[in-house]
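Structure record follows, encoded as structure tokens.
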Amino acid sequence: MPVDVEGYRDYVSARLEPLRRTAYLLCGDWHTADDLVSAALVKLLRHWSRVSVMDNPDAYVRRTLLRVWLDERRRPWRREAAWAEVPDRPLAAGATEGAADRLTILALLAELPPRRRAVLVLRYFCDLSVEETAQELGCTPGTVKSQSARGIEAMRARLAPTPDRVEEVRNDG
């Protein structure tokens, strides 16, 4: 069966940015996110004739993206972290609004185990229901609920003021 390349292009051009953002939330790095999206889109093209007639092709692409990310996390070279030097240039005025909050959330997400992080991204970023998230991850709705609760609890615990932090605030103010 010939592939509808035009339909594939239209779909990808309409969904590319949301896919990149989802991949970024999963992995925390734009370069890796682009690699994940590329790998997922190659897999999508291979099965486009079947996926294009599905009721919800977005679910297929999200699941593919999630599986590509989980596979990538299992590779041994991904366990190493490389850090580049931070450039010495100031941020543009107004560019920091909300940036600290976003960086904090991304850092907290990065500390979570991969499945728990995937549950939070699918539930609260992609706005999937518990049942849809369970279907995407191949688990039960109860697992999604417990992983969501544990993930949120872990993030809240890291954000909660400790007695040391409260004392620091009092001394500074």
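The values are calculated or read from the model by the stated rules, or taken from the named source; none is laboratory data. Because the structure is a prediction, the values reported are computed rather than measured. Cβ atoms come from the backbone with ideal geometry, glycine included; neighbour counts cover every protein chain shown. For the accessible areas, the whole protein counts, side chains as well, though only heavy atoms, and no ligand, DNA or RNA atoms are used. Shrake-Rupley method; radii C 1.70, N 1.55, O 1.52, S 1.80 Å.
Structural remarks
- For the range 21-42, the candidate set comprises residues that are of a type in the set (D, E, K, R) and more than 14 Å from T64 (Cβ to Cβ); within that set, the residue that is most open to solvent (accessible area, probe 1.4 Å) is R21.
- Figure legend. Inter-residue proximity from the range 16-43: first residues within 18 Å of P113 (Cα to Cα) and without any contact (Cβ under 8 Å) to a residue 24 or more places away in the chain, second residues assigned to a helix (DSSP H, G or I) and open to solvent by 60 Å² or more (accessible area, probe 1.4 Å), beta-carbon distance below 9 Å, spacing 6+ or different chains. Indicated pairs: Y24/W30; A33/R21.
- In the range 52-65, the residues that are more than 18 Å from the chain's Cα centre (by Cα) and either crowded, with 20+ Cβ neighbours inside 10 Å or charged (D, E, K, R) (or both): D55
- Residue within the range 27-44 that is modelled with pLDDT under 90, in a helix (DSSP H, G or I) and within 19 Å of T133 (Cβ to Cβ) present: yes
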